[in-house]
Amino acid sequence: MNPKSVEDFLESSAGAHFSGLLLDESGLGKSELDQPTTSNAESFHRQPFIIGVAGGASSGKTSVCNMIIEQLHDQRVVLVNQDSFYYDLTVEELTRVQDYNFDHPDAFDTEKLLTCMENLKLGEAVDIPNYDLKTYKKILPARKVNPSHVIILEGILIFHDPRVRELMNMKIFVDTDADVRLARRIRLDTAEKGRDIGTVLDQYSKFVKPAFDDFILPTKKYADIIIPRGGDNHVAIDLIVQHIHTKLGQHDLCKIYSNLYVIQTTFQIRGMHTIIRDAETTTHDFIFYADRLIRLVVEHGLGHLPFKEKQVTTPTGSVYIGVDFCKRLCGISVIRSGESMENALRACCKGIKIGKILIHREGDNGQQLIYQNLPKDISDRHVLLLDPILGTGNSAVQAINLLLQKGVQESNIIFLNLISAPQGVHTVCKKFPRIKIVTSEIEFGLNEDFRVIPGMGEFGDRYFGTDDC
Ligand SMILES: O=P(O)(O)OC[C@H]1O[C@H](OP(=O)(O)OP(=O)(O)O)[C@H](O)[C@@H]1O
Ligand SMILES: O=c1cc[nH]c(=O)[nH]1
């Protein structure tokens, strides 16, 4: 444990702000004081990105949704259809089904839809009704939907209720020409559903068109993006997917602190994390995959160094306009876990000077500086501070304070982590708003022993093979 007591920790800004900031960001509106600090960390979950897709019947909403889902293949995406929330028809309504207006807002059980969506937002699995369009009734079993990174809510009137709109992070309106929509509907209802064209046209003029004009078209104004031509509009869909990727890549904390950089995840990166977090992983594999991840973090961190333009002539005699690396830099590792990052830094920056700091975590005030060996001219250098774990942030504060005392400019410090707890991020980013933190994953929080969770246990012991000692 780093701080002397829980009181010390709660006094630190990190502990006091963790719950408030994250929950408020999610729109749940809980105040900081509502939540106990450490248990909050455990209950934190990533908020889903909710996309609403509205538009007239046969406008191509389904194609748009399918294309988005296909392109977001590295994310867990779930599609929720407004049609699933149709009310069951009564016996009386069933006898005159041709007179029932399925395109009216009152045909949908919006309260039920809201409950399902709110639970999904809270990270809970939900049962989505399984509405049968042949019998006009819900049938069992319901569809079990697990919480996901992205939820797409699709339906003709999905923007009608302001409470549903309020849940959405992005609203898309698929705007397809009325003739095209009618032609598609005739084709679908006659060829696939076996209806005669007279019935289709009757229903169109009696319900579909008036509902479009009265209820659907007026919701177009709520859209953030209007897609002409639906699924045929590949350019619009590419742009939407790019935007969603950017948003998903940004952890909530990145929105709060512009000096926090979380490297863009991939299945490879998640796979490496899965191995190093597994308590069963051997020391050999732990080192191998931690090294791979550290290398990525180091490369990413180096990307934040300043550069100068440099032109070279290639073997073809052409000029290549490039950049020259920053020369005045050094690494400082926080003993001992930080030393695991030195090899990656040496492999990337030939001949780089590396200094060391040792901080004892159980001193007078939980943060005692024991040893330092820093380059003499450190104040002229950019410093890559190496420590794979950012927990409470107390060790980092101690290390950064020492660098500042030695004359290093705050904006010249890049702090490289493998994993970072939100508490540590708050502490460091608030106290040192000009340093940069580069990390590969943000954790849920800290447990009552101030260990990072889910974390990977004692990094130093696992990396240096001292976990059996
Ligand atoms: O943010 P904090 O709460 O201060 O915790 C982070 C510190 O804990 C780890 O070191 P540890 O004390 O486990 O020592 P080790 O590297 O020698 O194993 C880590 O390498 C950090 O230096
Ligand atoms: O979870 C933690 C916290 C500090 N240091 C570690 O190695 N792990």
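The values are calculated or read from the model by the stated rules, or taken from the named source; none is laboratory data. Since the structure is predicted, the reported quantities are computational estimates derived from the model, not experimental observations. Cβ placement follows ideal geometry from the backbone for every residue including glycine, while neighbour counts extend to all protein chains displayed. Quick note on the areas: whole protein, heavy atoms, side chains included, nothing else; ligands and nucleic acids left out. Shrake-Rupley method; radii C 1.70, N 1.55, O 1.52, S 1.80 Å.
GLU70: part of a helix (DSSP H, G or I), surrounded by fewer than 19 Cβ atoms within 10 Å (Cβ to Cβ), modelled with pLDDT under 90 and touching a Gly at 6+ places or on another chain (Cβ under 8 Å), yes or no? Working first, answer last.
Numbers: part of a helix (DSSP H, G or I): yes; surrounded by fewer than 19 Cβ atoms within 10 Å (Cβ to Cβ): yes; modelled with pLDDT under 90: yes; touching a Gly at 6+ places or on another chain (Cβ under 8 Å): no.
The answer is no for GLU70.
Would it be correct to say that ILE172 is modelled with pLDDT under 95, under 24 Å from the mean Cα position of the chain (by Cα), surrounded by 15 or more Cβ atoms within 10 Å (Cβ to Cβ) and not basic (Lys, Arg)?
Details: modelled with pLDDT under 95: no; under 24 Å from the mean Cα position of the chain (by Cα): yes; surrounded by 15 or more Cβ atoms within 10 Å (Cβ to Cβ): yes; not basic (Lys, Arg): yes.
Judged against the criteria, ILE172 is not a match.
Any residue at all in the range 352-359 that is more than 30 Å from the chain's Cα centre (by Cα) and on the phi > 0 side of the Ramachandran plot? Quick ask: steps written out before the conclusion?
Within the range 352-359, the first condition is being more than 30 Å from the chain's Cα centre (by Cα), and the residues that meet it are 352-359.
Those still in the list that are on the phi > 0 side of the Ramachandran plot too: none.
No, the range 352-359 contains no residue that is more than 30 Å from the chain's Cα centre (by Cα) and on the phi > 0 side of the Ramachandran plot.
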Exercise. Give me the pairs, please: first residue somewhere in the range 153-169 and more than 18 Å from PHE102 (Cα to Cα), second residue anywhere and of a type in the set (Phe, Trp, Tyr), beta-carbon distance under 7 Å, and either six or more positions apart or on two chains.
Key: ARG165/PHE159; ARG165/TYR222; ASN169/PHE49
Practice problem: Could you list, in sequence order, all residues of the range 234-256 that are free of Cβ contacts under 8 Å to residues at least 40 places away in the same chain and surrounded by 20 or more Cβ atoms within 10 Å (Cβ to Cβ)? | Solution: ALA236
Practice problem: Could you grab the pairs with beta carbons closer than 7 Å, sequence gap of 6+ or different chains, first residue in the range 300-320 and in contact (Cβ under 8 Å) with a residue 12 or more places away in the chain and assigned to a strand (DSSP E or B), second one surrounded by 10 or more Cβ atoms within 10 Å (Cβ to Cβ) and β-branched (Val, Ile, Thr)? | Solution: LYS308/VAL323; GLU309/VAL323; LYS310/VAL323
Practice problem: Return the total of residues in the range 433-451 being within 13 Å of ligand 1 (Cβ to nearest atom), over 21 Å from ARG292 (Cα atoms) and outside any loop (DSSP other than H, G, I, E, B). | Solution: 2
Quiz item: Quick one: is LYS430 among the charged types (D, E, K, R), away from ligand 2 (no atom under 16 Å from the Cβ), buried (at least 17 other Cβ atoms within 10 Å of the Cβ) and not in a loop (DSSP other than H, G, I, E, B)?
Solution: no
Quiz item: Taking the condition among the polar types (S, T, N, Q), open to solvent by less than 80 Å² (accessible area, probe 1.4 Å) and either in contact (Cβ under 8 Å) with a residue 12 or more places away in the chain or part of a strand (DSSP E or B) (or both), does SER148 pass?
Solution: yes
Practice problem: Might you let me know whether the range 312-330 holds any residue that is touching a helix residue (DSSP H, G or I) at 6+ places or on another chain (Cβ under 6 Å) and either at pLDDT 95 or above or within 16 Å of ligand 2 (Cβ to nearest atom) (or both)? | Solution: no
Exercise. Could you grab the pairs with beta carbons closer than 7 Å, sequence gap of 6+ or different chains, first residue in the range 445-462 and touching a residue at least 60 places away in the same chain (Cβ under 8 Å), second one near ligand 2 (Cβ under 7 Å from one of its atoms) and part of a helix (DSSP H, G or I)?
Key: PHE459/SER337; GLY460/SER337
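Test of understanding: among ARG381, ARG336, ARG328, which residue is basic (Lys, Arg) and within 16 Å of ligand 1 (Cβ to nearest atom)? Quick ask: steps written out before the conclusion?
Values: ARG381 fails: within 16 Å of ligand 1 (Cβ to nearest atom); ARG328 fails: within 16 Å of ligand 1 (Cβ to nearest atom).
Just one listed residue meets the conditions, ARG336.
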Quiz item: Which ones in the range 222-233 are open to solvent by 20 Å² or more (accessible area, probe 1.4 Å) and either assigned to a helix (DSSP H, G or I) or farther than 16 Å from GLY60 by Cβ (or both)?
Solution: TYR222, ASP224, ASP232
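For residues that are free of Cβ contacts under 8 Å to residues at least 40 places away in the same chain, surrounded by 14 or more Cβ atoms within 10 Å (Cβ to Cβ) and among the charged types (D, E, K, R), scanning just the range 340-358, find the one that is farthest from ligand 2 (Cβ to nearest atom). Spell out the reasoning first.
Let us first name the residues in the range 340-358 that are free of Cβ contacts under 8 Å to residues at least 40 places away in the same chain, namely 346, 350-356, 358.
Restricting the remaining residues to those that are surrounded by 14 or more Cβ atoms within 10 Å (Cβ to Cβ) gives 346, 352-356, 358.
From what is left, the residues that are among the charged types (D, E, K, R) are 346, 353, 356.
Values: ARG346: 22, LYS353: 26, LYS356: 17 Å.
Residue satisfying both the conditions and the ranking: LYS353.
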Exercise. Would you point out the residue of the range 47-63, among those that are in a strand (DSSP E or B) and at negative phi, that is surrounded by the most Cβ atoms within 10 Å (Cβ to Cβ)?
Key: VAL53
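Is there a residue being open to solvent by 50 Å² or more (accessible area, probe 1.4 Å) and part of a strand (DSSP E or B) anywhere in the range 127-136? Let's see the steps before the verdict.
The initial filter retains those residues of the range 127-136 that are open to solvent by 50 Å² or more (accessible area, probe 1.4 Å), namely 127, 130, 133-135.
With part of a strand (DSSP E or B) added as a condition, the list becomes 127, 130.
Yes, the range 127-136 has at least one match.
Within the range 415-424, is even one residue open to solvent by less than 20 Å² (accessible area, probe 1.4 Å) and either in contact with a Lys or Arg (Cβ under 8 Å, 6 or more places away or on another chain) or among the aromatic types (Phe, Trp, Tyr) (or both)?
Within the range 415-424, the first condition is being open to solvent by less than 20 Å² (accessible area, probe 1.4 Å), and the residues that meet it are 415-424.
Keeping just the survivors that are either in contact with a Lys or Arg (Cβ under 8 Å, 6 or more places away or on another chain) or among the aromatic types (Phe, Trp, Tyr) (or both) gives 415.
Looking for residues that are open to solvent by less than 20 Å² (accessible area, probe 1.4 Å) and either in contact with a Lys or Arg (Cβ under 8 Å, 6 or more places away or on another chain) or among the aromatic types (Phe, Trp, Tyr) (or both), one finds at least one in the range 415-424, hence yes.
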Practice problem: Please state which of the following conditions SER379 fails to meet, knowing it meets all the rest: (1) open to solvent by less than 10 Å² (accessible area, probe 1.4 Å); (2) free of Cβ contacts under 8 Å to residues at least 60 places away in the same chain; (3) among the hydroxyl-bearing types (Ser, Thr, Tyr). | Solution: (1)
Exercise. Working only within the range 81-126, note down all residues that are over 16 Å from ALA142 (Cβ atoms) and not in a helix (DSSP H, G or I).
Key: LEU89, THR90, ARG96, TYR100, ASN101, PHE102, ASP103, HIS104, PHE108, LEU122, GLY123
Practice problem: Among the residues of the range 81-109, count how many are open to solvent by less than 30 Å² (accessible area, probe 1.4 Å) and touching an Asp or Glu at 6+ places or on another chain (Cβ under 7 Å). | Solution: 2
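Which residue, of THR219, THR274, is open to solvent by less than 50 Å² (accessible area, probe 1.4 Å), outside any loop (DSSP other than H, G, I, E, B) and at negative phi?
Details: THR274 fails: open to solvent by less than 50 Å² (accessible area, probe 1.4 Å).
One residue alone meets the criteria, THR219.
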Quiz item: Restricting the search to the range 440-461, which residues are open to solvent by less than 10 Å² (accessible area, probe 1.4 Å), of a type outside the set (A, V, I, L, M, F, W, C), within 14 Å of ligand 2 (Cβ to nearest atom) and within 21 Å of the chain's Cα centre (by Cα)?
Solution: GLU443, GLY445, GLY455
